[in-house]
1. Are any residues in the stretch 50-71 small (Gly, Ala, Ser) and touching a Ser or Thr at 6+ places or on another chain (Cβ under 9 Å), and if so, which ones?
2. Somewhere in the stretch 23-41, is a residue at pLDDT below 95, surrounded by 15 or more Cβ atoms within 10 Å (Cβ to Cβ) and under 15 Å from Arg134 (Cα atoms)?
3. Restricting to the stretch 42-68, what's the tally of residues that are part of a helix (DSSP H, G or I) and either of a type outside the set (Asp, Glu) or surrounded by fewer than 22 Cβ atoms within 10 Å (Cβ to Cβ) (or both)?
4. From the set of residues in the stretch 117-127 that are modelled with pLDDT of 95 or more and open to solvent by 80 Å² or more (accessible area, probe 1.4 Å), which is farthest from the chain's Cα centre (by Cα)?
5. Of the residues that sit in the stretch 84-99 and are among the small types (Gly, Ala, Ser) and under 15 Å from the mean Cα position of the chain (by Cα), which one is nearest to Ala119 (Cα to Cα)?
6. Answer yes if at least one residue in the stretch 138-160 is touching a Gly at 6+ places or on another chain (Cβ under 9 Å) and either polar (S, T, N, Q) or farther than 19 Å from Val89 by Cα (or both), and no otherwise.
Amino acid sequence: MPALTIELKKGRNGPTSLACVRADGSRTWARVHPFLPIHDLNHCAVESVLGFTEAFWGLVAGGWELDDFAAPGAAGRLPPQALWAEHLVGLLERKVASDASGLNEALAASLPETLRQGAPVVTDADLDAIERLRTRLKTRWESTPAGGTLRVGFPANRAGV
């Protein structure tokens, strides 16, 4: 059973919504900006492949409410994995590197010095798995009809979601 089920509902005539169902059955939800579904799915790919349990989706699975991330002082409470994941997703979305070596260099350059130690080292195999999963998740989202819901387990299976 996944630690979390991510449910992205594509608005028929309104905004998209994100609901998360934790393994214990508790839920959190929010309306989201049209940019966020792909961004959130990219987080799912990065965090699943790299085994992150204390980044965005792991924190939600562990009890954070979606609104907690926007609360004053939230950034100061985020564990290093959450910050590494945010930087990695941003770098991947901006396509700043064509291989793992370049991505690792860009990550190190983007992180404050205090976060560089312990930062993940992404391998070419990791990057390939992340890209395959990102593509599958994006394709599934784009094929979800208006009014439909995309459900993805977290962590997502590398071989198929």
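The values are calculated or read from the model by the stated rules, or taken from the named source; none is laboratory data. Remember, predicted model here, so these are calculated numbers, not experimental data. Every residue, glycine as well, gets a Cβ built from its backbone with ideal geometry; the counts of neighbours run over all protein chains shown. Side chains are part of the model used for accessible areas, which takes the heavy atoms of the whole protein and leaves out ligands, DNA and RNA. Shrake-Rupley method; radii C 1.70, N 1.55, O 1.52, S 1.80 Å.
1. Within the stretch 50-71, Ala61, Gly62, Gly63 qualify.
2. yes
3. Here the count works out to 17.
4. Of everything passing the filter in the stretch 117-127, Asp124 is farthest from the chain's Cα centre (by Cα).
5. Ala85
6. Yes, that holds for at least one residue.
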